[in-house]
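Submitted below is the structure of interest, expressed as C-alpha cells.
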Amino acid sequence: MGIVLILGLLLPMIYVMQLTKKNEKITLKCLGITTVLSIVGNVIVTLIYSLVDQSNLSIWLALGSSIVVAIVWALLLCGSYAAYQILSNSLKK
C-alpha cells in the first residue's frame, strides 16, 4: 500500500521537477497548480486506501487530513524550489 501513497505524492513532485528543468520562476499560478495536483493525488490515494483497508476510520476525517497534508506538501515543494532558485541564482532574466 505504501507504493500507492508514493505515487500520489509524486504527482506534484514531477510538476515541480519540470519547472526546475525549464528554469522557470515560482509564481502563485505554479503554487496553485502544485497544490491542486497534490490534493488530487492525496485524495485519490486516501480513497483507495480506505476502500482496501476497510477500517472503522471516518472517511470524512481521512479526506480532511489528506487535504491538509496535501497543502503542506505542496507548500514544502514550492518553498524548497524557491529556496533553490534564490541560492543558485538560476532565474531567467
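So, in the range 13-42, how many residues would count as being part of a helix (DSSP H, G or I), in contact (Cβ under 8 Å) with a residue 24 or more places away in the chain and either open to solvent by 70 Å² or more (accessible area, probe 1.4 Å) or out of contact with any Phe, Trp or Tyr (no Cβ under 7 Å at 6 or more places or on another chain) (or both)?
So the first thing to find is which residues in the range 13-42 are part of a helix (DSSP H, G or I), and the list is 13-22, 28-42.
So of that shortlist, the ones also in contact (Cβ under 8 Å) with a residue 24 or more places away in the chain come out as 13, 16, 19-20, 30-31, 34-35, 37-42.
Those left that are additionally either open to solvent by 70 Å² or more (accessible area, probe 1.4 Å) or out of contact with any Phe, Trp or Tyr (no Cβ under 7 Å at 6 or more places or on another chain) (or both): 13, 30-31, 35, 39-42.
Qualifying residue count for the region: 8.
Could you grab me the full set of residues in the range 60-78 that are at pLDDT 90 or above and open to solvent by less than 40 Å² (accessible area, probe 1.4 Å)?
64, 70, 74, 77, 78, listed by residue number.
Which of (1) of a type in the set (A, V, I, L, M, F, W, C); (2) open to solvent by 60 Å² or more (accessible area, probe 1.4 Å); (3) assigned to a helix (DSSP H, G or I) does residue 57 not meet, given it meets every other one?
Going through (1) of a type in the set (A, V, I, L, M, F, W, C); (2) open to solvent by 60 Å² or more (accessible area, probe 1.4 Å); (3) assigned to a helix (DSSP H, G or I) one by one, residue 57 breaks only (3).
The values are calculated or read from the model by the stated rules, or taken from the named source; none is laboratory data. What you see is a predicted model; the values in this text were computed from it and never measured. Positions of Cβ are backbone-derived with ideal geometry, glycine not excepted, and every protein chain shown enters the neighbour counts. Note: areas computed on protein heavy atoms with side chains; ligands, DNA, RNA excluded. Shrake-Rupley method; radii C 1.70, N 1.55, O 1.52, S 1.80 Å.
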